[in-house]
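To start, the structure itself, in structure tokens.
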Amino acid sequence: MEMSPQRLKWLLLLWSLLAWFSGVHLRSPSCHEVRTAFQLRQIGPLNFVPDFPGRDGDLQICTYDGPTCCTKKMEERYQVMVRREILQNIHFLSYELKYRIEKNGEAFQEAFTSLIHVASNHTNSLFKTGYRTMAKEATEVVKGLFTDLSLYVLDLSWNIEDIVLSFFDSLFPLVYNRLIQPGLNEVSVDYLECLRLARQDINPFGAYPMKMVAEMTRPLQAMKTLLQVLNVGSEVINMTKNVVFTRECTRALVKMGYCSHCHGLTLIKPCVAYCLNVMRGCLANVADIDPHWRGYISNLDELTSIITGPRGVEQALLRVAPMVNEAILHAQLNGPEISTTVSKVCDQPQERVQTAPLDSTVQTPTTLGFKPQAATQFANLTQRRRDFMNYIRRFRTFYASLAEQICEGELLPQDGSTCWSGENVVESYTNRVVGNGLKEQVNNPEVKVRGPDSLVKKVVDKLLYVDTMLHGKKSKKLEQWPSREAGSGEGKNEDTESSGDCDDEDGCTGSGSGELGRKKKTNMPGDRVKDNIFPAVAPTLKGVMVASPSSTPDNPAGSKPGTAPNHYSLASVALITTLGLLCHWLL
């Protein structure tokens with residue numbers, strides 16, 4: 001029976017309507033485009049993708065009543081893929097930041113090493129031009145000082161006070177044998193060791209050792225802390241790249257990125273607002289790093305400002321030579337009193353060869369000019385700081401804007417075209433867009449956020465500790481970074497300035513207590529007591545009394561204006577020390 005054209009027309013129309021109502025509205029009757037995308041993105045084995053649309057009742061994410069190109073195995077591979085893709089995006093966005101932080105850490109360290117070299121040569125030049133008789137022996141002492149300062153900044157050596165005082169301990173036997181008592185020659189090792197150990201009690205260099213400590217502590221602490229803080233920044237970024245996505249987040253990412261493939265729509269892009277809801281839900285905990293990250297960058301700005309400021313690292317290191325010169329001149333001016341005390345404390349040397357006096361006159365201060373090489377290194381350090389901070393300030397909102405950065409670029413629909421809403425192709429996304437952070441996710445329509453993430457909490461703890469290192473003592477009497485430079489002479493006696501940790505076990509008391517504020521340390525060669533300000537908070541300047549509490553560089557003898565110099569403090573020290581040795585011998 002032949003079918004009339006009119007009847008054939010109605011049958012074709014009916015077939016089309018049935019196909020439309022049954023939900024078969026795929027772009028093509030096959031899953032070829034889905035297979036191609038699955039293969040190109042290396043999502044999984046190609047045999048996971050069916051050749052033609054079908055029905056899979058096991059689908060849990062991309063659920064659909066009609067025929068679909070997705071299977072349960074494809075969903076499982078999609079979940080693995082979305083986690084990998086988002087982590088790759090985070091890695092890509094943070095790679096340059098991490099690289100810059102690490103490279104600038106290396107650059108700051110190299111600049112500091114260069115300044116150490118310049119300052120060491122600068123100090124050796126002082127002895128070669130002003131104190132030739134002790135120049136050769138002083139070379140090793142100077143080398144030890146700057147080596148220990150380098151190790152301190154690398155967190156491998158003592159605190160600044162011990163380093164500086166150990167240097168003056170080693171310097172005193174040279175000054176005494178070559179300048180104060182220039183006739184001494186080939187004295188015993190025991191005698192030299194006695195001079196070295198007695199330096200702290202005899203106090204031949206007056207206030208200058210502690211003045212050097214005060215001038216060097218703040219900038220070198222800042223340099224040491226900066227290198228540690230930059231390492232923390234690198235660790236924070238590494239931890240962020242390994243953030244763990246929850247099951248709810250992973251399902252939302254699959255729904256956003258791959259459920260459209262189940263309908264054969266491999267080129268459609270998610271709506272921007274939809275993407276923001278998904279990503280802000282997945283990165284809710286990461287976004288809460290934002291205020292702590294901003295504080296981290298502010299701390300970097302503060303540290304680098306101290307390092308390159310008017311009393312920064314360069315000035316502190318180049319001030320070593322003139323400060324040593326002033327300390328030696330102070331010892332020469334007080335030579336007779338020092339000799340008297342030494343003879344009581346250390347007795348007479350076993351061997352003494354009488355020769356013509358060497359450098360017996362008090363020398364005038366040596367002119368120590370600013371080295372062009374140091375100026376170049378300082379300029380490099382200053383420029384490095386400026387470039388680095390200008391760059392890293394651009395990343396102040398890195399964690400707050402991470403969701404937006406991921407949703408930009410390839411995810412943005414072209415020219416206001418249609419987009420994927422997670423369920424259908426739409427002209428615009430109509431759900432409410434939530435803000436950043438954990439608290440804002442209560443009303444997120446796309447992702448259910450459970451609560452704080454343990455890994456992100458560790459990141460926050462690291463950033464909080466950086467702030468504690470710098471400002472943790474602000475509520476106490478002593479602060480980590482005082483607003484006034486220590487040793488500037490504004491309102492404090494330089495003789496009572498000191499630095500270093502102090503507790504009851506050390507026998508320390510507050511300044512003005514009448515007791516020695518710093519426990520005597522025996523700094524033997526090779527000893528290394530680590531001054532760890534990370535994770536422990538760095539030591540701050542504290543009051544300390546020296547042998548002549550009222551002495552200053554302008555008043556070396558410690559006398560009051562209009563009175564004769566008072567030398568009883570040195571004699572008292574000698575008497576007490578002698579009585580102590582006598583009692584020890586009798587016992």
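The values are calculated or read from the model by the stated rules, or taken from the named source; none is laboratory data. As the structure is a computational prediction, the values presented were derived from the model and not from experiment. Please note: Cβ atoms are built from the backbone with ideal geometry, for glycine as well, and neighbour counts cover all protein chains shown. The protein model used for the area step is the full one, side chains on, heavy atoms only, and it has no ligands, DNA or RNA in it. Shrake-Rupley method; radii C 1.70, N 1.55, O 1.52, S 1.80 Å.
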Backbone HN-Hα couplings from phi across the range 338-346 [Karplus 6.51/-1.76/1.60, Hz, Gly and Pro as x]:
5, 4, 4, 5, 4, 5, 7, 7, 10
Amide H of Val425: which non-local residues (sequence gap of 5 or more, or other chain) have their own amide H closer than 5 Å, using H built in the peptide plane?
none
Each residue of the range 124-136 in order: what ³J(HN,Hα) in whole Hz does its phi give by Karplus 6.51 cos²θ - 1.76 cosθ + 1.60, θ = phi - 60°, with x for Gly and Pro?
4, 5, 4, 6, 5, 9, x, 9, 5, 5, 10, 4, 5
Protection-proxy order for peptides 37-45, 192-200, each taking the mean of Cβ atoms within 10 Å per residue, highest first
192-200, 37-45
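More than 18 angstrom separation, counting every C-alpha pair in the range 77-127; what % is that? Intermediate results must be reported in sequence, preceding the final value.
Values: 777 of 1275 pairs.
Pairs farther apart than 18 Å: 61 percent.
Work out how much length Ser417 to Val80 would gain on full extension: take 0.36 nm times their residue separation and subtract the Cα-Cα distance, in nm to one decimal. Don't skip to the end; give the middle numbers.
On the way: separation 337, 0.36 × 337 = 121.32 nm, distance 2.92 nm.
Extra length available between Ser417 and Val80 comes to 118.4 nm.
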Run the accessible area of the range 119-248 with a 1.4 Å probe and give the carbon-and-sulfur part as a rounded percent.
51
Rounded to whole Å², per residue accessible area for the range 255-299 with a 1.4 Å probe reads 24
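Once the piece of chain linking Glu102 and Glu137 is laid out straight, how much longer is it, given 0.36 nm per residue of separation minus the C-alpha distance between them? Spell out each step's value before the answer.
Numbers: separation 35, 0.36 × 35 = 12.60 nm, distance 3.95 nm.
Contour length minus Cα-Cα distance gives 8.7 nm.
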In Å², rounded to a whole number, the accessible area per residue of the range 47-155 with probe 1.4 Å is 49
Separation in nanometres of the label points that stand 7 Å from Cα toward Cβ, at Leu464 and Glu235:
1.5
